[in-house]
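Trainee: Pasting a structure below so you can have a look.
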Amino acid sequence: VLQDSEAIPEEVTVSDFKGNRNYYTRFTPLQCRVVLRMLRRFLKRDTSQQKLDEFESGNDNEFRAQLVQFLAHEVYPRILRRLRISIDGELMAAPKLIMEA
């Protein structure tokens, strides 16, 4: 435990953390804007709109499942590359990572 008068160290090791993922992050406000702009630009494309229209032919659960797959395979990898974040082949971890960042 640091005292109020002590300097904050450059690095901190968390020894009791019981996380179940290999990578955690928080986006800066600038990174959040980048993510939202990229999502908007991608989803406004005619090809993306056609895909979304196809997804709407099913029920709500099918739509959500297809949307998550679409985002995980088509959009999130581009966003993560742009932000220089590597998730080492854990493609389906991307939606959760982006939502929680």
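Trainee: Assess whether Asp53 counts as being among the acidic types (Asp, Glu), in a helix (DSSP H, G or I) and open to solvent by 80 Å² or more (accessible area, probe 1.4 Å).
Mentor: Taking the combined requirement at face value, the residue satisfies it.
Trainee: Same structure, new question: What do you reckon, is Glu74 open to solvent by less than 90 Å² (accessible area, probe 1.4 Å) and among the charged types (D, E, K, R)?
Mentor: So Glu74 fits the description; yes.
Trainee: How many of the residues in the stretch 26-42 are within 17 Å of Ala72 (Cβ to Cβ) and either open to solvent by 50 Å² or more (accessible area, probe 1.4 Å) or under 13 Å from the mean Cα position of the chain (by Cα) (or both)?
Mentor: 3
Trainee: Another question, if that's okay. Of all residues in the stretch 79-90, how many are at pLDDT below 90, surrounded by 13 or more Cβ atoms within 10 Å (Cβ to Cβ) and in a helix (DSSP H, G or I)?
Mentor: 1
Trainee: Another question about this same structure. In the stretch 61-75, is there at least one residue being on the phi > 0 side of the Ramachandran plot, free of Cβ contacts under 8 Å to residues at least 12 places away in the same chain and either assigned to a helix (DSSP H, G or I) or out of contact with any helix residue (DSSP H, G or I) (no Cβ under 9 Å at 6 or more places or on another chain) (or both)? Before the answer, list the steps.
Mentor: First, pick out the residues of the stretch 61-75 that are on the phi > 0 side of the Ramachandran plot: none.
Within the stretch 61-75, not a single residue is on the phi > 0 side of the Ramachandran plot, free of Cβ contacts under 8 Å to residues at least 12 places away in the same chain and either assigned to a helix (DSSP H, G or I) or out of contact with any helix residue (DSSP H, G or I) (no Cβ under 9 Å at 6 or more places or on another chain) (or both).
Trainee: Residue pairs, Cβ under 6 Å, 6 or more apart or interchain, first in the stretch 23-42 and within 13 Å of Glu100 (Cβ to Cβ), second aliphatic (A, V, I, L, M) and part of a helix (DSSP H, G or I). List them.
Mentor: Close Cβ pairs (under 6 Å, with a partner that is aliphatic (A, V, I, L, M) and part of a helix (DSSP H, G or I)) amount to Val35/Ile79.
The values are calculated or read from the model by the stated rules, or taken from the named source; none is laboratory data. Bear in mind the structure is a predicted one, so any value in this text is a computation, not a measurement. FYI the Cβ positions are ideal-geometry reconstructions off the backbone, even for glycines, and counts take in every protein chain you see. For the accessible areas, the whole protein counts, side chains as well, though only heavy atoms, and no ligand, DNA or RNA atoms are used. Shrake-Rupley method; radii C 1.70, N 1.55, O 1.52, S 1.80 Å.
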